[in-house]
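Novice: Next up is a structure, given as structure tokens.
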Amino acid sequence: MIPKAPIADQTMIEFRDVQKWYGDYHALRGISAKIRAGEFFSLLGPSGCGKTTLLRTIAGFEGISDGVVLVDGKDMADVPANKRPTNMMFQSYAIFPHLTVAQNVGFGLRKQRLSKDEMARRVGEALEMVGLEGYGARAAHALSGGQRQRVALARALILKPKVLLLDEPLSALDKKMREQMQVELIKLQRQVGITFILVTHDQEEALVMSDRIAVMFDGEIAQLSDAETLYRRPKSRRVAEFIGTMNFLPATVIAESDDVVEVDAQGFGRMTLAADQVGADAGHGTSVGFRPETLTIIQDAPIAGGREVPAIIEEVVYYGDMTYYDVRIEGTERAARLSMRNTFNRAVLDRGAAVRIAWSPAALILFR
Amino acid sequence: MKGVAIFRAYALAYLLFLYAPIVLLPIFAFNNGTVIAFPLQGFTLRWFAQMWTEPGLGQAVRNSLIIAVSTAVLATMLGVFAARASTRYAFPAKGPLMGLIMLPLVLPEIIVAVSLLVVLLGIGVPLSILTIILGHVLMTTPFAIAILSSSFQSLDRSLEEAAYDLGETRLSAFRLVILPLVMPGIISSLLISFTLSLDEFIIAFFLGGTQVTLPVYIFAQFRFPASVPVIMALGTILVALSVLLLTIAEYFRRRGITRSGGTDTGGFL
């Protein structure tokens with residue numbers, strides 16, 4: 001893992017009750033959040049959730065109906081897009097097809113009336129930063145997808161903005177290229193120290209890249225936290241289902257106090273959960289949820305400290321590095337999906353095999 | 001197989017019917033005889049030479065050029081505004097409005113010409129080159145919009161935003177990014193409007209008053225059998241010029257689409 005530079009505890013972007021209406025359509029429903037200086041921040045959500053709209057309110061392409069957007073402490077209400085200390089990398093990259101790579105990258109410097117040498121030096125630096133040394137004279141329309149993306153990045157960073165806005169920048173690349181660019185973007189962000197705000201619908205991308213993530217649904221932020229908290233302690237069933245896979249089993253709350261909840265879950269029986277293991281659920285009734293990799297299938301020796309329940313394997317899906325098992329825990333109605341890594345000492349189990357599931361209340365979350 | 005042969009014959013007959021008369025133009029333009037009939041009498045260039053001495057022809061050419069250039073510039077300017085508005089912005093009654101603007105494309109030209117004549121005479125505007133230009137702009141603007149819309153449509157909207165984001169004003173973003181990318185469309189629109197205006201007869205005939213354009217002049221000359229070979233020579237030059245201009249226009253339109261990375265969805269050639 002790339003070591004993370006300490007993030008200054010200084011706010012770079014602040015949204016105060018930001019509202020956006022398109023006619024009758026309420027696109028942003030009171031967004032309030034702070035994004036720290038130097039942070040890699042992601043806006044994650046399904047299409048139509050308002051994440052791109054929110055990004056565009058920072059850039060100044062989208063006005064807001066109510067509320068305040070502050071960049072580096074300054075109210076942006078009367079600041080047009082071309083005067084904001086932000087630059088954007090567009091989903092389509094928006095490379096100017098009639099210009100060369102160098103002219104594209106240096107486009108933002110036009111206003112500064114630099115000498116030819118200074119201009120060439122700055123453009124060269126920017127191209128080197130994105131690994132495109134020597135590409136300056138190429139025609140922009142003759143570049144590959146990955147190269148366009150790098151040109152767009154260099155062009156947006158050459159003005160040394162306080163905030164770089166990235167609108168689904170990797171969605172047009174194939175999987176291998178995307179994974180490579182994710183790492184490069186993280187490294188670059190550490191190197192330049194600029195606040196990056198990424199819009200993505202890809203939960204994996206958000207988890208990999210971000211210091212913190214805001215999950216958005218229907219124009220609202222459903223949860224804002226670091227990647228691990230988001231994955232391990234989703235605040236609602238909707239967030240839990242959007243990020244990765246989660247199994248749900250019906251449960252009932254027996255007793256509760258300020259810091260613990262006593263729960264009786266189907267298949268697992270009674271347990272005590274901490275207050276931070278409780279999330280909201282709209283319309284599904286009470287349930288406990290767990291991720292596929294948090295429980296373990298065992299056949300022989302019990303695992304120290306774990307509790308066990310008997311189960312039957314109903315389906316086996318072999319992925320090479322992993323195997324997914326749909327198991328039915330005794331006393332439950334529906335199969336739950338578990339994943340096991342295919343280590344040297346673990347054989348792939350057969351359909352119909354009777355196994356035991358080692359679990360712990362720490363792996364469970366109560367949704368109600 | 002028999003079906004294919006029939007279609008092939010049909011296509012050949014069609015092309016023959018369409019182009020044979022045009023091929024006759026240059027043949028008789030170079031024919032050394034005053035009568036338009038076979039057999040040919042031998043090669044001559046005298047009809048081309050005689051064009052220069054025809055009274056009124058010079059004035060007609062001048063009029064036509066003034067009208068065609070003005071029409072091309074005005075129609076293209078209006079076309080840029082309309083194409084930009086229709087591809088970039090949403091506004092009330094956009095569909096009906098664009099439909100109305102494009103209507104002259106399908107309206108019978110004679111109806112447009114007569115209506116314009118009635119209105120212009122009614123409000124007391126004297127007929128002149130200006131009134132012909134007015135009518136021609138009306139007729140060619142839909143063509144300009146059709147060409148320019150395809151240019152504007154193939155533009156990625158974020159290009160303009162990117163320029164704006166990088167510190168340019170709305171105006172300089174338009175000048176630095178949009179204009180160069182739609183320039184091939186603009187050139188193409190200028191050339192096509194020019195050609196359409198140069199060829200146009202009905203409006204020029206109705207709205208010209210005493211001013212004569214080239215097509216009107218040609219029509220008038222047909223009353224004198226002696227000047228028919230000269231008309232053939234003139235026609236040959238006009239056909240060559242039209243083909244040349246349309247080819248250039250189409251070249252620019254295609255190049256524009258390639259440069260902005262779009263796919264070809266229309267065009268005239």
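Novice: Dipole magnitude of the protein assembly as shown about its Cα centre, charges +1 at Lys/Arg Cβ and -1 at Asp/Glu Cβ only, in debye to the nearest 20?
Specialist: On the way: 60 positive and 57 negative charges, 423 e Å.
Using Cβ point charges on Lys, Arg, Asp and Glu, the protein assembly as shown gives about 2040 debye.
Novice: Another question, if that's okay. So how strong a dipole does chain B carry about its Cα centre when Lys and Arg Cβ are +1 and Asp and Glu Cβ are -1, to the nearest 20 debye? Could you put the intermediate results ahead of the total?
Specialist: Numbers: 15 positive and 11 negative charges, 61 e Å.
It works out to roughly 300 debye.
Novice: From the phi of every residue in segment B:202-210, what ³J(HN,Hα) in whole Hz does the Karplus formula 6.51 cos²θ - 1.76 cosθ + 1.60 yield, where θ is phi - 60° and glycine or proline is x?
Specialist: Calculated HN-Hα couplings, in order: 4, 5, 4, 5, 7, 9, x, x, 8 Hz.
Novice: Report the residues of segment A:49-73 in range of a label on B:LEU171: point 7 Å along Cα→C-beta, backbone N strictly under 16 Å from it.
Specialist: Under cut-off, by backbone N: nothing.
Novice: How far apart, in nm, are the 7 Å Cα→Cβ label points at B:MET183 and B:ARG254?
Specialist: Result for the modelled spin labels: 2.1 nm.
Novice: Please average, across the residues of A:154-165, the number of beta carbons from any other chain that are within 10 Å of each residue's own beta carbon, and give a whole number.
Specialist: Values: counts 0, 3, 3, 0, 1, 3, 0, 2, 0, 0, 0, 1.
Rounded to a whole number, the mean comes out at 1.
Novice: For the charge dipole of chain B, defined by +1 on Lys and Arg C-beta atoms and -1 on Asp and Glu C-beta atoms about the Cα centroid, which residue among B:LEU97, B:MET77, B:PHE219 has the Cα displaced farthest towards the positive pole?
Specialist: B:PHE219
Novice: Enter the mean number of other protein chain beta carbons within 10 Å of the beta carbon of each residue in A:96-108, as an integer. It would help to have the intermediate numbers written out before the result.
Specialist: Working: counts 10, 11, 10, 3, 0, 0, 0, 0, 2, 0, 1, 8, 6.
That average works out to 4.
Novice: So how do A:ASP226, A:ASP326, A:ASP350 line up by other beta-carbon neighbours within 10 Å, fewest first? Display every interim value, and only then the final one.
Specialist: Working: A:ASP226 12, A:ASP326 18, A:ASP350 8.
Ascending number of Cβ neighbours within 10 Å: A:ASP350, A:ASP226, A:ASP326.
Novice: Nearest 5 is fine: what % of DSSP beta bridges in the protein assembly as shown come out antiparallel, could you say?
Specialist: On the way: 63 of 84 bridges.
About 75 percent, rounded to the nearest 5.
Novice: For an R0 of 30 angstrom, estimate the FRET efficiency from the Cβ-Cβ distance between A:ASP66 and A:GLU204 and round to the nearest 0.05. Don't skip to the end; give the middle numbers.
Specialist: Details: r = 34 Å, r/R0 = 1.14.
Between A:ASP66 and A:GLU204 the formula returns 0.30.
Novice: Identify, among A:VAL130, A:LEU28, A:SER47, the residue whose Cα sits farthest towards the positive end of the charge dipole of segment A:11-232, taking +1 on the Cβ of Lys and Arg and -1 on the Cβ of Asp and Glu, with the dipole about the Cα centre.
Specialist: About the Cα centre, the residue reaching furthest to the positive side is A:VAL130.
Novice: While we're on this one: Would you mind checking which residues have amide H under 5 Å from A:ASP72's amide H? H placed 1.01 Å from N; only 5 or more apart, or other chain.
Specialist: Sorted by chain and number, the residues that satisfy this are A:ILE13, A:GLU14.
Novice: Set the Förster distance to 22 Å, then compute FRET efficiency between A:LYS175 and A:ALA142 from the Cβ-Cβ distance, nearest 0.05. Please report the intermediate quantities before stating the final value.
Specialist: Working: r = 24 Å, r/R0 = 1.11.
Once rounded, the FRET efficiency stands at 0.35.
Novice: If you take the beta carbon distance between A:ALA347 and A:ARG110 as r and set R0 to 51 Å, what does 1/(1 + (r/R0)^6) give as a FRET efficiency, to the nearest 0.05? Could the numbers behind the result be given before it?
Specialist: Working: r = 65 Å, r/R0 = 1.27.
Computed FRET efficiency for A:ALA347 and A:ARG110 comes out at 0.20.
Novice: Using 0.36 nm per residue, how much length does the chain from B:PHE81 to B:ALA5 gain when fully extended, once their Cα-Cα distance is taken away?
Specialist: Values: separation 76, 0.36 × 76 = 27.36 nm, distance 4.87 nm.
That pair, B:PHE81 and B:ALA5, stretches by 22.5 nm at full extension.
Novice: Go through B:47-60, B:10-23, B:114-127 and give me the packing order, highest mean Cβ count within 10 Å leading. It would help to have the intermediate numbers written out before the result.
Specialist: Values: B:47-60: 14.2, B:10-23: 9.9, B:114-127: 12.6.
The packing order, highest mean first, is B:47-60, B:114-127, B:10-23.
Novice: Name all residues of segment B:177-197 having a backbone nitrogen under 18 Å from the label point set 7 Å from the Cα of B:TYR89 along its Cα→Cβ direction, giving them as ranges.
Specialist: Label zone hits: B:178-179.
Novice: Report, by chain and number, residues whose modeled amide H sits under 5 Å from the one on A:LEU173, excluding near sequence neighbours (fewer than 5 apart, same chain).
Specialist: The answer is none.
Novice: Amide H neighbours of A:MET88 under 5 Å, counting only residues 5+ apart in sequence or on other chains, H built in-plane at 1.01 Å?
Specialist: A:LEU165
Novice: Indicate, rounded to the nearest 5 percent, the antiparallel portion of the DSSP beta bridges found entirely in segment A:148-235. Could you put the intermediate results ahead of the total?
Specialist: On the way: 5 of 10 bridges.
That works out to approximately 50 percent antiparallel.
Novice: Can you flag which of A:LYS83/A:LYS162; A:LYS116/A:LYS160; A:LYS34/A:LYS175 are past 24 Å Cα-Cα?
Specialist: Details: A:LYS83/A:LYS162 12 Å; A:LYS116/A:LYS160 19 Å; A:LYS34/A:LYS175 31 Å.
The answer is A:LYS34/A:LYS175.
Novice: As a test, work out the antiparallel percent of DSSP beta bridges whose residues both lie in chain A, rounded to the nearest 5. The partial results should precede the final answer.
Specialist: Values: 62 of 83 bridges.
Bridges in chain A that DSSP calls antiparallel: roughly 75 percent.
Novice: Moving to a separate point now. Bin all alpha-carbon pair distances of the protein assembly as shown at 20 Å intervals from 0 and give each bin's fraction as a whole percent.
Specialist: For the protein assembly as shown, the pair-distance distribution reads 15, 32, 26, 18, 8, 1.
Here, each number is a calculation from the coordinates, and none is a lab measurement. Since the structure is predicted, the reported quantities are computational estimates derived from the model, not experimental observations. Quick reminder, even Gly has a Cβ in these numbers, built from the backbone with ideal geometry, and neighbours come from all protein chains shown.
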